[in-house]
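Report on one structure; see the data block that follows.
Please treat every number below as a calculation from the coordinates, not as lab data. Since we're looking at a predicted model, the values are computed, not measured. For neighbour counting, all protein chains shown are included, and Cβ atoms are generated from backbone atoms with ideal geometry for every residue, glycine included.
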Protein chains: 2
Amino acid sequence: MKEIEKRLNDNGVRPTAMRILIYKYMAEKEIAVALTDIENVFAKADRTTLYRTLKTFEQKGIVHQIDDGTHISKFALCEPGCNCELEQDLHLHFHCTNCDETVCLTEQKIPHINLPDGYVAEDANLVLKGICEKCSG
Amino acid sequence: MKEIEKRLNDNGVRPTAMRILIYKYMAEKEIAVALTDIENVFAKADRTTLYRTLKTFEQKGIVHQIDDGTHISKFALCEPGCNCELEQDLHLHFHCTNCDETVCLTEQKIPHINLPDGYVAEDANLVLKGICEKCSG
DNA sequence: ATAATCAATGTACTTCCGTTGCATACTTAA
DNA sequence: TTAAGTATGCAACGGAAGTACATTGATTAT
Ligand SMILES: [Mn+2]
Ligand SMILES: [Mn+2]
Ligand SMILES: [Zn+2]
Ligand SMILES: [Zn+2]
């Protein structure tokens, strides 16, 4: 568990009990989580605290937010040493329309796209939808 | 205007006055529109009617829904003869973080992505964020 | 050790968007 | 002309995101 505390400290986030629990939860889970998910797991804690924890994690580069097209924000831990802001670090996400789960495919980078003149891209989001490996097995 | 009526008829949508107006509005506008936008333009009409008009248009292949990451559904007219369901017809969208407008880049198709074993893609969504041509000029 | 200071959490409330149920007006076909 | 089907209007609900303010907890300086 000391690793988690270190990770939080290194990113300028004070390792409170709640934050460590949330980090641990997200680390164990291999899929992206929504605020509601965390809410259900930590029912005793207040929603706002969980909400702000995710926001803090995001600002400090501990998690990245995922827009999978469901209109519900999902979050997933960043790879250690990842820099989500840099374009080459952008990986794609897969949303399963069967089990409704969203996963990071960190190996699959978003290919470079040639844009028309005048357009300057600073960020990219690529989501594939379909059947995930668990559901297609 | 007869063209609009024909387009609606061809897609199995009865060309009511309201529907023609909404179609015309979307045709004149070159950017994707949200329900709220239409609401503001046609303030006299009921929100639900506008909502259902968009839903109907979408079901009948007249417009396609766009998820630009703002958590607000946007809609844009489909190209005549386009088949949004087919993967090769999927184009990318650009969301300007300055003017908050989203446009279809119908010429820029989403490149094919190799997925890990077990994953079956049925749909794709690629959104680039940055500065649009109007704002960068 | 105590007080002052700042950060984290809790409580309550608000806004926005999407969605649905049901009533009413309109259009088409028998 | 009546009946059936479709479109529109009206009202309400629910989920998710966000914020203002109070309270608790941890750090630091005196
Ligand atoms: Mn990811
Ligand atoms: Mn488009
Ligand atoms: Zn699945
Ligand atoms: Zn712009």
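Could we say that residue B:107 is over 17 Å from the mean Cα position of the chain (by Cα), in a strand (DSSP E or B), free of Cβ contacts under 8 Å to residues at least 40 places away in the same chain and away from DNA strand C (no atom under 16 Å from the Cβ) here? No: the conditions fail for residue B:107. Here is the figure for the stretch A:69-104: residues that are under 15 Å from residue A:31 (Cβ atoms) and in contact (Cβ under 8 Å) with a residue 60 or more places away in the chain total 5.
Scanning the stretch A:78-133 for residues that are within 16 Å of ligand 3 (Cβ to nearest atom), among the hydroxyl-bearing types (Ser, Thr, Tyr) and crowded, with 18+ Cβ neighbours inside 10 Å returns a single hit, A:102.
Residues in the stretch B:73-122 that are within 9 Å of chain A (Cβ to nearest Cβ) and acidic (Asp, Glu): B:107, B:117, B:122. Within the stretch A:79-104, the set of residues being within 16 Å of DNA strand C (Cβ to nearest atom) and of a type outside the set (D, E, K, R) comprises A:95, A:97. Consider residue B:67 against the criteria (1) acidic (Asp, Glu); (2) more than 14 Å from chain A (Cβ to nearest Cβ); (3) crowded, with 16+ Cβ neighbours inside 10 Å: it satisfies all of them except one. Which criterion is unmet? Answer for residue B:67: the failing condition is (2). Of the listed requirements (1) away from ligand 3 (no atom under 16 Å from the Cβ); (2) crowded, with 16+ Cβ neighbours inside 10 Å; (3) facing chain A (nearest Cβ under 7 Å), residue B:136 misses just one: (2).
The set of residues from the stretch A:106-137 being out of contact with any helix residue (DSSP H, G or I) (no Cβ under 6 Å at 6 or more places or on another chain) and of a type in the set (Ser, Thr, Tyr) comprises A:106, A:136.
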